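Visitor: Questions regarding the structure given below will be posed in turn.
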Amino acid sequence: MTNTDVRQTVRRGSRVLLHFSLSLPDGTEAVSTFGGEPEQVTLGEGSLSEGLEAAIIGLKQGERKTLELPAEQAFGLWNEDKLQSMSRADFAPDLVLEPGIAIAFTTPSGEEVPGTIAEVGDDWVNVDFNHPLAGADILFAVEILDIQNPKR
């Protein structure tokens, strides 16, 4: 008698319903869907970083796993080139600008990107466009609830 596991396996292009949490190695939780609504993602569409996608490929429906991902695999290393100085005049005059505040910016092509205020001067504002978890090792806990694979 053969024990064949017929559960779907996560692969590129899979549409996956999952619970996940991202924590720093010291236990600080950055985000979690456990205890709330699960997330639905399609691998390859960019809603998860490449490292997080790679971590769940091969997992099966019902599987739960916790992985430690180095910064390079999670959200990348912090990149000084993504720190930009902008004129204070580029911001609405009534906008309160303080370090740590996240703001949505629109690129010339119309894409919306998040930036975090890093430093504020009288005439300038330094904005960090790195992912907030860039440069940090991450504990990634995931539970695969459902998988819909594309037709081959």
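Visitor: May I ask you to say which residue of Leu77, Leu52, Leu43 is without any contact (Cβ under 8 Å) to a residue 40 or more places away in the chain and in contact with a helix residue (DSSP H, G or I) (Cβ under 8 Å, 6 or more places away or on another chain)? Break it down into steps so the answer makes sense when it comes.
Guide: Values: Leu77 fails: without any contact (Cβ under 8 Å) to a residue 40 or more places away in the chain; Leu52 fails: without any contact (Cβ under 8 Å) to a residue 40 or more places away in the chain.
Exactly one residue qualifies, and that residue is Leu43.
Visitor: Across segment 19-56, what is the number of residues that are under 19 Å from His131 (Cα atoms), surrounded by fewer than 14 Cβ atoms within 10 Å (Cβ to Cβ) and polar (S, T, N, Q)?
Guide: Qualifying residue count for the region: 3.
Visitor: Just one of the numbered conditions (1) touching a Phe, Trp or Tyr at 6+ places or on another chain (Cβ under 9 Å); (2) modelled with pLDDT under 90; (3) surrounded by 13 or more Cβ atoms within 10 Å (Cβ to Cβ) is not true of Asn149; which one?
Guide: Every condition holds for Asn149 apart from (1).
Visitor: Hey, which of the strands (runs of 3 or more DSSP E) in segment 27-110, taking only ones fully inside, have at least 3 residues that are more than 14 Å from the chain's Cα centre (by Cα) and farther than 29 Å from Pro150 by Cα?
Guide: Fully inside segment 27-110 and qualifying: 83-87, 102-106.
Visitor: Across segment 111-137, which residue is nearest to the chain's Cα centre (by Cα) among those that are assigned to a loop (DSSP other than H, G, I, E, B) and farther than 20 Å from Asn79 by Cβ?
Guide: Step one: filter segment 111-137 for residues assigned to a loop (DSSP other than H, G, I, E, B), giving 111, 121-123, 129-137.
Going one step further and asking which of them are farther than 20 Å from Asn79 by Cβ, we end up with 121-123.
On the way: Gly121: 30, Asp122: 33, Asp123: 32 Å.
Checked segment 111-137; the qualifying residue nearest to the chain's Cα centre (by Cα) is Gly121.
Visitor: Within the bounds of segment 138-145, is there any residue that is among the small types (Gly, Ala, Ser), within 16 Å of the chain's Cα centre (by Cα) and assigned by TED's automatic domain parsing to the domain that holds Val31?
Guide: Yes, the conditions are met somewhere in segment 138-145.
Visitor: Next question. Would segment 90-99 turn up any residue that is in contact (Cβ under 8 Å) with a residue 12 or more places away in the chain and in contact with a helix residue (DSSP H, G or I) (Cβ under 6 Å, 6 or more places away or on another chain)?
Guide: If we filter segment 90-99 for residues that are in contact (Cβ under 8 Å) with a residue 12 or more places away in the chain, which is where we start, we get 90-91, 97-99.
Subsequent filtering for residues that are in contact with a helix residue (DSSP H, G or I) (Cβ under 6 Å, 6 or more places away or on another chain) retains none.
No: segment 90-99 contains no residue that is in contact (Cβ under 8 Å) with a residue 12 or more places away in the chain and in contact with a helix residue (DSSP H, G or I) (Cβ under 6 Å, 6 or more places away or on another chain).
Visitor: While we're here: Of the conditions (1) surrounded by 10 or more Cβ atoms within 10 Å (Cβ to Cβ); (2) free of Cβ contacts under 8 Å to residues at least 12 places away in the same chain; (3) of a type in the set (Ser, Thr, Tyr), Thr106 fails just one. Which one is it?
Guide: Every condition holds for Thr106 apart from (1).
The values are calculated or read from the model by the stated rules, or taken from the named source; none is laboratory data. Here the structure is a predicted model, which means the values were calculated and not measured. Note that we place each Cβ from the backbone using ideal geometry, even for glycine, and neighbour counts take in every protein chain shown.
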